[in-house]
Amino acid sequence: MIELCNVWYILEKHPILEDITIHIKPGEMVYLFGPSGAGKSTLLRLAHMEIMPTRGMVRVADFNSSRITKDEIPFLRRKVGVVFQDFKLLPDRDVFDNVSFALWATGVPYRKIKKRVLQVLAEVGLSHKRYAMIKTLSGGEQQRVCMARALANEPFILLADEPTGNLDDESSRDILTLLGRINRRGTAILMATHKEDAIHQIPGRILRLKEGKLMS
Ligand SMILES: Nc1ncnc2c1ncn2[C@@H]1O[C@H](COP(=O)(O)OP(=O)(O)O)[C@@H](O)[C@H]1O
Ligand SMILES: [Mg+2]
């Protein structure tokens, strides 16, 4: 499913990640836990091949970092949902547009796109906000839009980079509850966080990262 084999990521002779081996199985909940600067975001970027390893290999479903071509990358992206701390939404568009955006490129007919978008908005509890502009939403609501967008393609894994990083306690709990529900329905989750309290809410495996090295 997602596998990193002896992965190194080196920038200007400085190793950011050292000899990382991880195997995430279908439906697993995995936390990537470590302080700021440990390399968590870099590892997540490698896991969906936004960047490529300096040494070692990343495998996502049938795609292999040492063989994948540029033309295949969009197909890989449809299998992997990504949620970031800083949302990356289109602020002047509404919720529906933001969630449907990535689906247009897949050639799916409008009727099906609409059905799928309404379905994922219901899952994240935002059906009533479907025509609201992104900039009018709270942080917690914006993060739920991100999750709906990531789920629209029915990915087998969700990569979440500090998904509660910019949220207050209550919204953070809501997002973690939602992630737990998504995981229980069968989607694997790899979630990076530096917050100790975030790794105890959903049962899962904890990978500790420190200065680019895996501790456990
Ligand atoms: N594009 C980049 N250029 C230079 N340094 C980078 C780059 N990306 C990451 N780093 C460095 O790699 C280390 C790990 O960063 P990052 O993966 O963002 O850690 P984390 O997400 O755990 O806070 C940090 O020291 C950071 O400064
Ligand atoms: Mg980070």
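The values are calculated or read from the model by the stated rules, or taken from the named source; none is laboratory data. As the structure is a prediction and not an experimental result, all values here were calculated from the model. Cβ: placed from backbone, ideal geometry, glycine included. Neighbour counts: every protein chain shown.
Listed values, structure above:
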{"item": "Some residue of the stretch 191-213 being under 15 Å from the mean Cα position of the chain (by Cα), in a loop (DSSP other than H, G, I, E, B) and surrounded by 18 or more Cβ atoms within 10 Å (Cβ to Cβ)", "result": "no"}
{"item": "Which listed residue, of 66, 41, 36, is within 15 Å of ligand 1 (Cβ to nearest atom), farther than 30 Å from residue 128 by Cα and exposed (fewer than 14 other Cβ atoms within 10 Å of the Cβ)", "result": "36"}
{"item": "Members of the stretch 197-212 found to be touching a residue at least 24 places away in the same chain (Cβ under 8 Å) and away from ligand 2 (no atom under 16 Å from the Cβ), listed by number", "result": "201, 202, 203, 204, 205, 206"}
{"item": "Cβ-Cβ under 6 Å pairs, at least 6 apart or on other chains, the stretch 32-51 side near ligand 2 (Cβ under 10 Å from one of its atoms), far side outside any loop (DSSP other than H, G, I, E, B) and among the hydroxyl-bearing types (Ser, Thr, Tyr)", "result": "42/9"}
{"item": "Yes/no for residue 154 being more than 16 Å from ligand 2 (Cβ to nearest atom), surrounded by 17 or more Cβ atoms within 10 Å (Cβ to Cβ), free of Cβ contacts under 8 Å to residues at least 60 places away in the same chain and acidic (Asp, Glu)", "result": "no"}
{"item": "Within the stretch 166-190, considering residues that are in a loop (DSSP other than H, G, I, E, B) and surrounded by 17 or more Cβ atoms within 10 Å (Cβ to Cβ), the one modelled with the highest pLDDT", "result": "187"}
{"item": "Hits in the stretch 52-63 - residues which are under 18 Å from the mean Cα position of the chain (by Cα) and crowded, with 17+ Cβ neighbours inside 10 Å", "result": "58, 59, 60, 63"}
{"item": "Residue in the stretch 140-149 that is surrounded by 13 or more Cβ atoms within 10 Å (Cβ to Cβ) and basic (Lys, Arg) present", "result": "yes"}
{"item": "Residue within the stretch 111-122 that is in contact (Cβ under 8 Å) with a residue 12 or more places away in the chain, of a type in the set (A, V, I, L, M) and out of contact with any Ser or Thr (no Cβ under 6 Å at 6 or more places or on another chain) present", "result": "yes"}
